[in-house]
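Notes follow once the structure below has been shown.
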Amino acid sequence: MHNQLWVKASGGFTDQVNGKLLVHCFVMMFLGFFGGFAWLISLADNVFHILPMPRMEIPVPDQKELLRNTHTGPIMNAMYVMTVVLLSPILKFTARQAKWVYYAAIITLWGNALGYSAAVYAPERGLQPIGDWPNLLSYASFYVAVVGVTAFTAICLHSALRLARARPLAG
């Protein structure tokens with residue numbers, strides 16, 4: 001996306017940028033659905049049984065809260081990025097801001113999805129940079145995601161403040 005247009009003249013992301021961000025969002029939705037199935041199986045004591053399919057025993061980690069996070073986390077992050085996509089015509093990003101929001105949003109989406117997934121296998125839940133590789137992976141992924149979401153939220157706030165301070169035309 002090096003030579004791409006980032007924003008429309010009227011404001012907002014171009015259709016191509018919107019489309020690419022939304023692809024990442026919908027992939028996150030599906031990953032969240034898979035996390036939901038793992039959570040459901042865990043709640044049902046490792047049994048998956050939806051009629052008319054046969055009953056299946058599927059072992060999943062006994063980490064119900066963390067499995068719930070693998071369901072809700074990617075979906076909530078995807079909805080946040082979708083909201084920014086919808087608000088981009090109102091926020092009227094510059095091309096530079098749009099580029100930062102785009103990459104920071106993708107980093108946020110994938111960092112959180114990876115962090116939530118790895119945390120299920122990490123005794124420390126990715127909360128501190130200690131322990132085994134699943135914990136370190138979870139911690140690093142969450143860290144990067146926090147930087148990403150902070151960056152694009154700050155850009156959105158800056159744009160909203162610019163709009164809020166605009167002087168109305170005398171009429």
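Helix 95-119 versus the longest principal axis of the chain: what is the Cα-based angle in degrees, 0 to 90, to the nearest 10?
Rounded to the nearest ten degrees, it is 10.
Would you mind telling me the share, in percent, of accessible area of region 15-165 contributed by carbon and sulfur at probe 1.4 angstrom?
72 percent
Using only helices, what value at 222 nm comes out for the chain when you add -39,500 (n - 2.57) per DSSP H run of length 4 or more and divide by the total residues, to the nearest 500 deg cm²/dmol?
-24000 deg cm²/dmol, from helical runs alone.
Could you state the angle between the C-alpha long axis of helix 133-165 and the longest principal axis of the C-alpha atoms of the chain, as a value from 0 to 90 degrees rounded to the nearest 10?
30 degrees
Once the Cα atoms of helix 15-43 and of the chain are each reduced to a long axis, what angle between those two axes, in degrees from 0 to 90 to the nearest 10, is obtained?
So the helix axis and the longest Cα principal axis differ by about 20 degrees.
Per residue, how large is the accessible surface of region 15-165? Use a 1.4 angstrom probe and give square angstrom.
57 Å²
From the square roots a ≥ b ≥ c of the eigenvalues of the alpha-carbon gyration tensor of the chain, which class results: rounded (a/c under 1.5), prolate (a/b over b/c), or oblate?
It is prolate, given that a/c is not under 1.5 and a/b is the larger ratio.
May I ask you to derive the relative contact order of the chain, considering only C-alpha pairs under 8 Å and at least 6 residues apart, and to give it as an integer percent?
Reported as a whole number, the value is 23 percent.
To the nearest Å, what is the center-to-center distance of region 147-163 and region 16-46, using C-alpha atoms only?
26 Å
The values are calculated or read from the model by the stated rules, or taken from the named source; none is laboratory data. Note that the structure is predicted; figures quoted are calculated from it, not measured. All accessible areas refer to the heavy atoms of the entire protein, side chains included, with ligands and DNA or RNA removed. Shrake-Rupley method; radii C 1.70, N 1.55, O 1.52, S 1.80 Å.
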